[in-house]
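The values are calculated or read from the model by the stated rules, or taken from the named source; none is laboratory data. What you see is a predicted model, and the numbers here were worked out from it, not measured in a lab. No Cβ is skipped: glycine too gets one built from the backbone with ideal geometry, and neighbour counts run over all protein chains shown. Ligands, DNA and RNA are excluded from the accessible area calculation, which covers all protein heavy atoms including side chains. Shrake-Rupley method; radii C 1.70, N 1.55, O 1.52, S 1.80 Å.
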Amino acid sequence: MLQPGISAEVKFVVTDELTAKTVGSGTLDVLATPVMIARLEQAAWTSVAPYLAEGEGTVGTLMNAKHLSPTPVGLEVTCRAELTEVDGRRLVFKVTAKDARGPIGEGTHERAIIQNERFVTKAYKKLEG
């Protein structure tokens, strides 16, 4: 059963492939903001996945995050998501990110519970004339 308090963490080491310079979000060799956001989303969806019915999934609908501090290549980052609200199919999470030196990101994230097959079918209908 989905209820506030469910959480998960995703840990990773910043590599050259995850820098702003490489992903195109800037020119510096530090953790790219889009990568931090993607890992925050990963923490959110993995936290609730075990509680969903067969054939259900979640999709991100809103991310409001601050990237507070740069992280250089070589440091480990921990992204955490905690479910704070369940409103029907709408899920709200508190998200945080930190490296070995302290907080690097924070915010809120919303996801919607969807029927996977129906959602993908709807997406691919856009390819039809």
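A few remarks follow.
- Rounded to two decimals, the Cα radius of gyration of the chain over 2.2 N^0.38 Å is 1.15.
- Longest DSSP-loop-exposure-free segment, GluC sites (Glu not before Pro), the chain, at most 14 other Cβ within 10 Å: 55-127
- Accessible surface of residue 92 - all protein chains present, 1.4 Å probe, nearest 10 Å²: 20 Å²
- Of the residues 63, 1, 36, the one with the largest accessible area comes first in the ranking 1, 63, 36, computed with a 1.4 Å probe on protein heavy atoms.
- When the surface is traced with a 1.4 Å probe over the full set of protein chains, residue 61 keeps roughly 90 Å² accessible.
- Using a probe of 1.4 Å on the protein chains alone, the accessible area found for residue 75 is around 50 Å².
- Computed from Cα atoms, the angle from the helix 33-48 axis to the main principal axis of the chain rounds to 40 degrees.
- When the chain is treated as a Gaussian network with alpha carbon springs shorter than 10 Å, the biggest mean-square fluctuation among 90, 101, 39 belongs to 101.
- Proximal aspartates and glutamates to residue 126, defined as alpha-carbon separation beneath 17 angstrom and excluding residues fewer than eight positions away on the same chain: 117
- Reachable lysines, given that their alpha-carbon falls under 18 Å from the alpha-carbon of residue 66 and they are not under 8 places away in the same chain: 94, 98
- Based on protein heavy atoms only, the chain ends up with 61 Å² per residue of surface accessible to a 1.4 Å probe.
- Segment 30-129, accessible surface, carbon-and-sulfur percent (1.4 angstrom probe): 51 percent
- Where a label projected 7 Å from the Cα of residue 76 along Cα→Cβ would reach, residues of segment 9-39 with amide N under 16 Å: 9-15
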